[in-house]
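Asks: Following this message is one structure expressed as structure tokens.
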Amino acid sequence: MIVNCEECGTRYRLDETKIKGSSAKVKCKSCAHVMLITKPEQESGSSVTGTDTGGAGVEAPAAAQGPASGAEQSSSAAATGTEGARSGQSTGSAASGGDSSRRSASKQKKRGLFGLRSKMFFLFVCLPIVIGVATGYVYLNRVEELKDSYGDQITDVVTQMGQSQVAAKARSAAQQLRLYLSANPEVGAEEFNRDRSIRRMAVQKIGQTGYTFLYELPGDGNSWNVWVHPDPNMVGSDLTQRQGPQGFQQIIQSTGGGKEANGFYTQPTPDGERVDHFMFCAPVGDTGYMIAATLQRDSMIQPAHVLNTQLDKTYYTMRNRSMFVLGGIALFFLILVSWFGHRLTTRIQSLTDVAERISVGELGAEVEVKGKDEISSLAEAISRMQESVRLSIERLRRRRS
């Protein structure tokens, strides 16, 4: 059982089995201070600080082994204390070390699950990463929405441009053919496909998959005859009897009376695939003939596909770079906070250990002061407190002697 004198700080090791009852009074050998010692119930070898009784010469209760006077018990305690004092600081230091270890262990048990380093890691690494990921997710989603919106707008604009190109081609061919027929009225419809000039004007290529052809509005026979067409099998056929293209008949019949008409129709391919086409029909003056210009929709919006592909490539490149930069920043903060947190908590733990040692009487513990920050100021304050306590104890000892 370890006892510290409140007046001079002298440490004594007492045998608690010699204390009869729950408490006893002992006198300090160094300063003659009388202390009231309370016998611990379960713990042995713990450090106890004596309490001032306000006087001396009061008898202590007898030991458990037999009757004894208070002076004898006081002398026994003093002798024990003298023996502990003569044995030097080794015994006290060992007891202090054990006591310090028990106090440190007790404090570690009371410490929460999350220390300063964990809180710093959460505050400066986890939280910024979560905020950055959430912000990046919202930002990239917004950019993707804008990309899709711009892609649709590009497709619409290119489609309108393609339709305008097809319409311009049909009107141009109809104007050329009108002038030729006006200059050569003797040429009949049966001769159109054999006339190179008419065929050159009536059949023109549009892009990679488009073309124009010439047909006649229905007369008394109520037939829509084709007179010039890139496919020889179509020459002389009735357009209203053509089977397969969905929406084709509606566009052709809308030109009744020599009116312009346009729209999309679906043409099945030999492979069973259905391909959308755009067709524009323009009248050849008042001759009763029509020029029809048609083009596949995919060929029409091919420039839009190229632009959208470039837009997608730019978006994915930007997204990958953003994720790379975000990951690099997160890794940088992880390394920085880990290093700084380890350095900070190590210094704080060192000061905590020194303070623990000073609290159990090791006034010679060395306090390291490094740097000029707040922790260094705390170390200087602990050092000054240590020196002040040591000087106070020395003054008390000189005063008692």
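Since every read-out is calculated from the coordinates, none of them should be taken as a lab result. These numbers come from a predicted model, not from an experiment. Counting neighbours? That spans all protein chains shown, and the Cβs are built from the backbone with ideal geometry, glycine included.
Asks: What number of residues in the range 203-238 are touching a helix residue (DSSP H, G or I) at 6+ places or on another chain (Cβ under 6 Å) and either of a type in the set (A, V, I, L, M) or surrounded by fewer than 18 Cβ atoms within 10 Å (Cβ to Cβ) (or both)?
Replies: 7
Asks: Suppose the filter is surrounded by 12 or more Cβ atoms within 10 Å (Cβ to Cβ) and not in a helix (DSSP H, G or I); does residue 337 pass it? Spell out the reasoning first.
Replies: Working: surrounded by 12 or more Cβ atoms within 10 Å (Cβ to Cβ): yes; not in a helix (DSSP H, G or I): no.
No; evaluated as a whole, the condition is false for this residue.
Asks: Looking for whichever is more than 15 Å from residue 289 (Cβ to Cβ) and touching a His at 6+ places or on another chain (Cβ under 9 Å) here; the options are 265, 215. Which one fits? Show your work before the answer.
Replies: Numbers: 215 fails: more than 15 Å from residue 289 (Cβ to Cβ).
Going through 265, 215 in turn, the sole match is 265.
Asks: Go through the residues of the range 189-203 one by one and say whether even a single one is under 26 Å from residue 162 (Cα atoms) and assigned to a loop (DSSP other than H, G, I, E, B). Please lay out each step first, then the result.
Replies: Step one: of the range 189-203, the residues under 26 Å from residue 162 (Cα atoms) are 198-203.
From the residues that got through so far, the ones that are assigned to a loop (DSSP other than H, G, I, E, B) too are 203.
Checked the range 189-203: at least one residue is under 26 Å from residue 162 (Cα atoms) and assigned to a loop (DSSP other than H, G, I, E, B).
Asks: Can you say whether residue 207 is under 58 Å from the mean Cα position of the chain (by Cα) and either within 20 Å of residue 297 (Cβ to Cβ) or among the aromatic types (Phe, Trp, Tyr) (or both), as far as the supplied structure shows?
Replies: yes
Asks: Taking the stated definitions as given, is residue 308 surrounded by fewer than 16 Cβ atoms within 10 Å (Cβ to Cβ) and out of contact with any Pro (no Cβ under 6 Å at 6 or more places or on another chain)?
Replies: On the way: surrounded by fewer than 16 Cβ atoms within 10 Å (Cβ to Cβ): no; out of contact with any Pro (no Cβ under 6 Å at 6 or more places or on another chain): yes.
No, not satisfied.
Asks: Separate question: Give the range 343-372 a look and list any residue that's part of a loop (DSSP other than H, G, I, E, B) and either touching a residue at least 12 places away in the same chain (Cβ under 8 Å) or surrounded by 11 or more Cβ atoms within 10 Å (Cβ to Cβ) (or both), or say none. Explain how you work it out, then say what you get.
Replies: In the first step, residues of the range 343-372 are kept if they are part of a loop (DSSP other than H, G, I, E, B); the result is 360-372.
Correct list: 360, 361, 362, 363, 364, 365, 366, 367, 368, 369, 370.
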